[in-house]
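Student: Dropping the structure in here first, questions after.
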Amino acid sequence: MSYACISLVLLLFSPVKSEVNEEVRHPEQEIHNAATLVENKLTEEADSAFGDRFDEELVIHPLQSGDVYANFLFRTRWDLDLLQPGSKVSHYRLFPKSLGQVISKYAVRELHLSFTQGFWRTQAWGEPFLQAPAGAELWVWFDETNNDIDRSWKELTNVLSGIFCASLNFVDSTNTVSPTASFKPLGIVNVTDHKFLRHAVLPREIACTENLTPWKKLLPCGSKAGLATLLKAERLFYTSYHSQAVHIRPICKDSDCLSTSWELTQSLSVVLDVHTSGQGKKEWSLFKMFSRTVTEACPLATRSTIYVDITNNDQENEILLTPTPVGQTEATVHGSKRTYAVYDLFQPQLYSASRSVNVILKWKQRQELSVVSVPLLYAERYVSGYGLQTGEINTLIYNNHAFRAFPVLLMETVPWYLRLYVHTLTIITKGKENKPSYIHYEPAKDRKRPHLLEMLIQLPAGSVTKITIQFERALLKWTEYPPDPNHGFYVSSSVLSASVPSVVSMTAYDGDNIPMSTKIFPFSDDSSYFVRLYTEPLLVNLPTPDFSMPYNVICLTCTVVAVGYGSLYNLLTRTFQIDEQSGSRLTVRLANFIRRMRGVPPL
């Protein structure tokens with residue numbers, strides 16, 4: 001049916017109004033309204049047919065250090081089981097087809113990939129929603145139906161390398177491990193055998209625009225509409241911290257969990273130093289941070305929301321927000337109550353005369369930098385020792401809880417060229433030896449697999465636990481050194497997993513109106529919350545030969561061969577012949593004429 005026919009039907013069946021109060025309606029406006037109704041009708045029918053949903057949100061959290069933490073989260077949910085035998089999906093609407101085909105082909109149960117530039121400073125910024133190590137991290141749970149995990153892992157890394165324009169093809173057996181307890185499934189737990197798990201980290205991988213562009217193309221609206229329009233590469237990579245991630249997991253379709261849905265979560269976290277750029281003022285706006293404003297919500301999104309953390313809003317520290325938020329909500333984040341101002345981008349009253357939304361935060365009084373609260377759990381790691389033969393890895397774990405002790409699971413992945421001395425492992429807490437309740441160690445094999453060490457350590461209240469282990473540096477083959485061997489070799493970050501005690505019930509403010517970022521990690525205990533932290537990556541120097549000596553030897557050898565042996569060989573093999581030139585007769589006649597003039601016999 002054409003737009004003109006639809007508008008005619010609407011006009012015929014519309015109620016008759018008085019000619020005095022009725023405004024004159026243009027036919028173009030009627031056609032546009034009718035087309036909008038038909039489009040919304042078709043969109044609702046498509047949503048019910050495909051069973052997919054897309055939500056987007058932006059959480060802005062001012063940090064006590066003066067920085068601003070912005071977390072973009074885009075969630076696509078598809079009520080379909082891609083791993084069901086005999087299911088062949090030929091049409092994709094919101095869920096990316098490239099990732100859907102990867103899940104089906106390689107029988108992937110869960111996939112978690114992150115690209116991070118910088119290091120999250122837990123002491124200054126607190127605990128993030130979802131932290132990631134520096135570089136690239138990939139860990140995948142394969143389905144039980146997969147018969148060849150190693151082959152699927154190798155092919156999967158190459159495919160993801162092409163999708164995200166990254167160097168994931170360098171993931172091999174030398175940097176791949178299968179943790180036994182550190183990385184449990186985040187979705188429906190039906191695969192718990194660690195032989196179906198693969199984990200790898202590339203600490204030297206650098207996140208750049210080449211990784212951001214394909215990441216944005218996975219969104220239903222791309223970067224043309226919605227919150228993704230704020231993702232300007234020039235601003236995102238000029239930050240103190242940048243991390244983008246992709247998480248795919250199966251979740252329950254309903255409360256009874258009789259069927260399965262697939263959830264794709266794309267998160268992007270940045271820490272912007274607006275305190276320095278704002279000339280000492282803790283004020284910010286969307287335009288100052290991202291050089292852009294939001295013009296509209298993504299038409300394909302079911303929910304498009306901006307959350308602004310206003311927990312410290314009181315009479316002394318009154319926060320002024322422009323435009324006025326449509327409401328407020330409360331959530332429990334990392335054991336503390338947080339209050340958020342809510343901006344629903346589908347509300348037309350948010351858009352100003354410029355038809356855009358620019359959230360501006362100002363303080364009624366000038367704010368000074370406050371004392372940063374110390375997080376309950378954080379860790380540090382460094383290398384000690386001297387020389388290029390032996391060294392020591394030191395890890396410090398802090399439990400700042402005043403009266404609660406809790407265990408922490410530590411995972412160390414060390415490359416094979418650092419020979420660990422496991423008998424030198426010591427764990428000291430408050431001057432006493434602290435024996436782990438669980439320990440798992442897989443020794444490395446040269447040029448085949450790295451070291452894997454997992455320990456469950458009990459952390460007393462208000463304590464600092466120091467873990468040390470000695471190692472010996474190996475001498476590599478000259479072809480195994482990178483182009484810049486004097487820069488050093490990176491050792492991936494340590495992983496800490498713990499359930500930190502909370503003074504606030506974690507289910508007190510659970511609902512659909514809270515940020516989705518607070519529900520990434522599932523929890524079963526209301527008195528604690530799950531935290532996964534990463535330490536700094538290490539930079540270790542190895543015994544490096546003088547690569548200039550081969551160049552000098554090659555130059556000297558070539559010189560000797562060219563001058564000495566070359567000259568001798570030339571003299572021994574050269575044949576000497578008299579070559580009569582074409583002008584020799586003229587020369588002889590001229591010489592005989594001169595000889596006759598002098599009275600000398602001719603030649």
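Student: Please list, ordered by first then second residue, the pairs with beta carbon atoms under 7 Å, 6 or more apart or interchain, first in the stretch 328-343 and polar (S, T, N, Q), second in a strand (DSSP E or B) and open to solvent by less than 20 Å² (accessible area, probe 1.4 Å).
Tutor: Gln328/Tyr340; Gln328/Ala341; Gln328/Val342; Thr329/Tyr340; Thr329/Val342
Student: Take the conditions open to solvent by less than 70 Å² (accessible area, probe 1.4 Å) and at pLDDT below 90 and apply them to Gln365. Does it pass?
Tutor: Considered against the rule, which asks whether it is open to solvent by less than 70 Å² (accessible area, probe 1.4 Å) and at pLDDT below 90, Gln365 comes out as no.
Residue by residue, here is whether (1) at pLDDT below 95; (2) crowded, with 17+ Cβ neighbours inside 10 Å; (3) under 23 Å from Phe530 (Cα atoms) holds:
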site	(1), (2), (3)
Leu377	yes, yes, yes
Tyr386	yes, no, no
Leu396	no, no, yes
Phe403	yes, no, yes
Phe406	yes, yes, yes
Val422	yes, no, no
Lys432	yes, no, no
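Student: So which pairs qualify, if the first residue must be in the stretch 440-458 and without any contact (Cβ under 8 Å) to a residue 24 or more places away in the chain, the second must be in a strand (DSSP E or B), the Cβ gap must be under 6 Å, and the two must be at least 6 apart or on different chains?
Tutor: Within 6 Å, the pairs are Tyr441/Leu453.
Student: Could we say that Ser285 is open to solvent by less than 70 Å² (accessible area, probe 1.4 Å), among the hydroxyl-bearing types (Ser, Thr, Tyr) and touching a helix residue (DSSP H, G or I) at 6+ places or on another chain (Cβ under 7 Å) here?
Tutor: So Ser285 fails the test.
Student: Which members of the stretch 153-188 meet the condition of being assigned to a helix (DSSP H, G or I) and buried (at least 20 other Cβ atoms within 10 Å of the Cβ)?
Tutor: Residues satisfying the conditions are Trp153, Leu156, Thr157, Leu160, Leu168.
Student: May I pose another question? Looking only at the stretch 216-268, which residues are crowded, with 19+ Cβ neighbours inside 10 Å, aliphatic (A, V, I, L, M) and either part of a loop (DSSP other than H, G, I, E, B) or within 15 Å of the chain's Cα centre (by Cα) (or both)?
Tutor: Answer for the stretch 216-268, where residues must be crowded, with 19+ Cβ neighbours inside 10 Å, aliphatic (A, V, I, L, M) and either part of a loop (DSSP other than H, G, I, E, B) or within 15 Å of the chain's Cα centre (by Cα) (or both): Leu218, Leu219, Ala225, Leu231, Leu236, Ala245, Val246, Ile248, Leu264, Leu268.
Student: It is to be established whether one or more residues within the stretch 344-358 are assigned to a strand (DSSP E or B), more than 19 Å from Arg532 (Cα to Cα) and either modelled with pLDDT under 95 or aromatic (Phe, Trp, Tyr) (or both). I'd like the intermediate steps shown before the answer.
Tutor: We begin by selecting, within the stretch 344-358, every residue assigned to a strand (DSSP E or B); these are 344, 357.
Right, trim to more than 19 Å from Arg532 (Cα to Cα) and you get 344, 357.
Cutting the leftovers down to either modelled with pLDDT under 95 or aromatic (Phe, Trp, Tyr) (or both) gives us 344, 357.
There is at least one residue in the stretch 344-358 that is assigned to a strand (DSSP E or B), more than 19 Å from Arg532 (Cα to Cα) and either modelled with pLDDT under 95 or aromatic (Phe, Trp, Tyr) (or both).
Student: Considering only the stretch 455-475, state which residues are surrounded by 18 or more Cβ atoms within 10 Å (Cβ to Cβ) and of a type in the set (A, V, I, L, M, F, W, C).
Tutor: Within the stretch 455-475, Met455, Ile457, Leu459, Ile467, Ile469, Phe471 meet the criteria.
Student: Let me ask something else. Just one of the numbered conditions (1) in a helix (DSSP H, G or I); (2) charged (D, E, K, R); (3) under 22 Å from the mean Cα position of the chain (by Cα) is not true of Glu110; which one?
Tutor: (1)
Student: Please find, within the stretch 320-343, the residue that is modelled with the highest pLDDT out of those that are open to solvent by 40 Å² or more (accessible area, probe 1.4 Å) and of a type in the set (A, V, I, L, M).
Tutor: Top of the filtered list is Val326.
Student: Continuing with the same structure: Can you say whether Glu127 is under 30 Å from Leu63 (Cα atoms) and out of contact with any Ser or Thr (no Cβ under 7 Å at 6 or more places or on another chain), as far as the supplied structure shows? Explain how you work it out, then say what you get.
Tutor: On the way: under 30 Å from Leu63 (Cα atoms): yes; out of contact with any Ser or Thr (no Cβ under 7 Å at 6 or more places or on another chain): yes.
Judged against the criteria, Glu127 is a match.
Student: Another question about this same structure. Are any of the residues in the stretch 437-454 over 24 Å from Phe183 (Cβ atoms), open to solvent by 70 Å² or more (accessible area, probe 1.4 Å) and more than 30 Å from the chain's Cα centre (by Cα)? First the steps, then the outcome.
Tutor: Looking only at the stretch 437-454, we keep the residues that are over 24 Å from Phe183 (Cβ atoms), and these are 446-447.
Still in the list and also open to solvent by 70 Å² or more (accessible area, probe 1.4 Å): 446-447.
With the extra rule that they be more than 30 Å from the chain's Cα centre (by Cα), the set shrinks to none.
Looking through the stretch 437-454, none of the residues is over 24 Å from Phe183 (Cβ atoms), open to solvent by 70 Å² or more (accessible area, probe 1.4 Å) and more than 30 Å from the chain's Cα centre (by Cα).
Student: Of these, Leu586, Leu539, Leu590, which one is modelled with pLDDT of 90 or more, over 30 Å from Ala405 (Cα atoms) and open to solvent by 80 Å² or more (accessible area, probe 1.4 Å)?
Tutor: Leu539
Student: Pick from the stretch 95-120 the residues that are out of contact with any Leu (no Cβ under 9 Å at 6 or more places or on another chain) and touching a residue at least 24 places away in the same chain (Cβ under 8 Å): which of them is least open to solvent (accessible area, probe 1.4 Å)?
Tutor: Thr116
The values are calculated or read from the model by the stated rules, or taken from the named source; none is laboratory data. Please read all numbers here as calculations on a predicted model, not as lab measurements. Note that each Cβ is placed from the backbone with ideal geometry, even for glycine, and that neighbours are counted across all protein chains shown. For the accessible areas, the whole protein counts, side chains as well, though only heavy atoms, and no ligand, DNA or RNA atoms are used. Shrake-Rupley method; radii C 1.70, N 1.55, O 1.52, S 1.80 Å.
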